[in-house]
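**Q** Below you'll find the structure I mean.
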Amino acid sequence: GKTNKADMLRAIIYAGYRFNDKFLFNSEIEFEHAKEAYVEFAYVDYLVHKNLGLLGGLLLVPMGLVNEYHEPTVYLGAERPVTEQAIIPSTWRENGFGLHGSAGMVSYRAYVVNGFNGSKFSSGGLRGGRQKGAKAKADNFAFTGRLDITPTPGVFFGGSLFTGGSGQGDIEVDGRNYGVKTTIVDAHLQAQARGWDFRALYAKASLGDVWALNQVLGKTGSSAVGEGMQGGYVQLGYDVLSQSSALGGTQITPYFRLENVDTQASMQSGHSRSLSTDNTFKTFGIEIKPISNIVLKGDYMWVDNAAGSGTNQFNINVISF
């Protein structure tokens, strides 16, 4: 019963300038759906040392496998994993400052950014709470950090954290203001070798003062925002031409992703959960890259939940980068 759609999903312009060996400006301007313009990131980066940089501006929150590298030529799938839309709400960027660097096999990022706008949370996840750098409410700030280990080229694993208030001065009950502390953690792994591409991620979110948030938002029963949310996936792809030079670098990669996302994994006392917020996604598809900068993707996603309300979908994308 859904209407088919054809969408000019994204057109992206990168703009940057290296002032000297120490200072760099980097930005991305994105047009979505052929009419909406957004700044995806824009920051000044100062190289203090070869292993340490300081940066400030509109920053990509360093969580998950997609958010910092969110271009479709980089990840498998016509759509981003649902975990990295509802729990880690890619593309997720906020105003802030911080540091980044590496030492041997270890790389790290640590930022202070404005917090979510918790008044926009829903039973479907945290995505609505992104402020995207646009006149962001900043009564509450947050810390976010990431640590990765790369034991060998093509393989890395690690974890990331986001924690801070989301109330932004708007969640007040009986004269008391509540901060709605929001914490997200994730563990992730990516391994690419000899044509194989394996990725796995688990993310969990917990919210404080949910009873006050739901009361102020007027959300009751199964429409209430959950105290806990979680999601995860495993994904495997293989370039069937990886061991052949017959087609001059063309890549043909079938892939499969198994994913579960539950945005009401735990509820406050007195609130029931919806049968439609715990979903299992099975996605099978194929991507074809005639060259590394052009990709054609097609996949089919099966969606299951206890309510029987999942909508299966077929996607096909053409991307250049």
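The values are calculated or read from the model by the stated rules, or taken from the named source; none is laboratory data. Source: prediction; values computed, not measured. Every residue, glycine as well, gets a Cβ built from its backbone with ideal geometry; the counts of neighbours run over all protein chains shown. The protein model used for the area step is the full one, side chains on, heavy atoms only, and it has no ligands, DNA or RNA in it. Shrake-Rupley method; radii C 1.70, N 1.55, O 1.52, S 1.80 Å.
**Q** If you keep only loop residues by DSSP, which trypsin sites (Lys or Arg not before Pro) in region 98-144 have at most 14 other Cβ atoms within 10 Å of their Cβ?
**A** Lys135
**Q** Right, next: Once you keep just the Cα pairs under 8 angstrom separated by 6 or more residues, what percentage relative contact order results for the chain?
**A** Result for the chain is 12 percent.
**Q** So, R0 is 30 Å and r is the distance between the beta-carbons of Lys5 and Thr163; what FRET efficiency does that work out to, to 0.05?
**A** The value I calculate is 0.20.
**Q** Leaving out ligands, DNA and RNA, what percent of the accessible area of the chain is carbon and sulfur, probe 1.4 Å?
**A** The nonpolar share, carbon plus sulfur, comes to 58 percent.
**Q** Could you give the distance between the Cα centres of region 90-156 and region 47-81, to the whole Å?
**A** Each part reduced to its Cα centre gives a spacing of 9 Å.
**Q** Among the listed pairs Lys137/Lys181; Lys120/Lys282; Lys22/Lys132; Lys5/Lys297, which are separated by more than 20 Å between their Cα atoms?
**A** Where the Cα-Cα span goes over 20 Å, the pairs concerned are Lys120/Lys282; Lys22/Lys132.
**Q** Could you point to the residue in Thr253, Thr263, Phe281 farthest towards the positive end of region 248-321's charge dipole, with +1 and -1 charges on the Cβ of Lys/Arg and Asp/Glu respectively?
**A** Thr253
**Q** Could you report region 81-131's accessible area per residue, 1.4 Å probe, as an integer in Å²?
**A** Here the per-residue accessible area is 30 Å².
**Q** Divide by every residue of the chain the summed helix terms, -39500 (n - 2.57) for each DSSP H run of at least 4, and state the resulting mean residue ellipticity at 222 nm, rounded to the nearest 500 deg cm²/dmol.
**A** Calculated mean residue ellipticity at 222 nm is -1000 deg cm²/dmol.
**Q** Work out how much length Trp302 to Arg18 would gain on full extension: take 0.36 nm times their residue separation and subtract the Cα-Cα distance, in nm to one decimal.
**A** Taking Trp302 through Arg18 to full extension adds about 97.7 nm, to one decimal.
**Q** How about region 53-108: which chymotrypsin sites (Phe, Trp or Tyr not before Pro) there lie in a loop by DSSP and see at most 16 other Cβ atoms within 10 Å?
**A** Filter output for region 53-108: Tyr69.
**Q** May I ask you to derive the FRET efficiency for Asn312 and Asn260 from their Cβ-Cβ distance with R0 = 22 Å, giving the value to the nearest 0.05?
**A** Calculated value: 0.85.
**Q** Pairs of Cα atoms under 8 Å, at least six residues apart: use those to get the relative contact order of region 125-274, whole percent.
**A** With pairs under 8 Å counted, the relative contact order is 18 percent.
**Q** Compute the FRET efficiency between Thr250 and Ile29 as 1/(1 + (r/R0)^6), taking r as their Cβ-Cβ distance and R0 = 30 Å, and round to the nearest 0.05. Intermediate results must be reported in sequence, preceding the final value.
**A** Numbers: r = 31 Å, r/R0 = 1.03.
Calculated value: 0.45.
**Q** Continuing with the same structure: Would you mind getting the accessible area per residue of region 207-321, heavy atoms of the protein chains only, 1.4 Å probe, in Å²? Don't skip to the end; give the middle numbers.
**A** Details: 5570 Å² over 115 residues.
Per-residue accessible area for region 207-321 comes out at 48 Å².
**Q** Using 0.36 nm times the number of residues separating Thr280 and Leu189, minus their current alpha carbon distance, what extension gain do you get?
**A** Full extension from Thr280 to Leu189 adds 30.7 nm.
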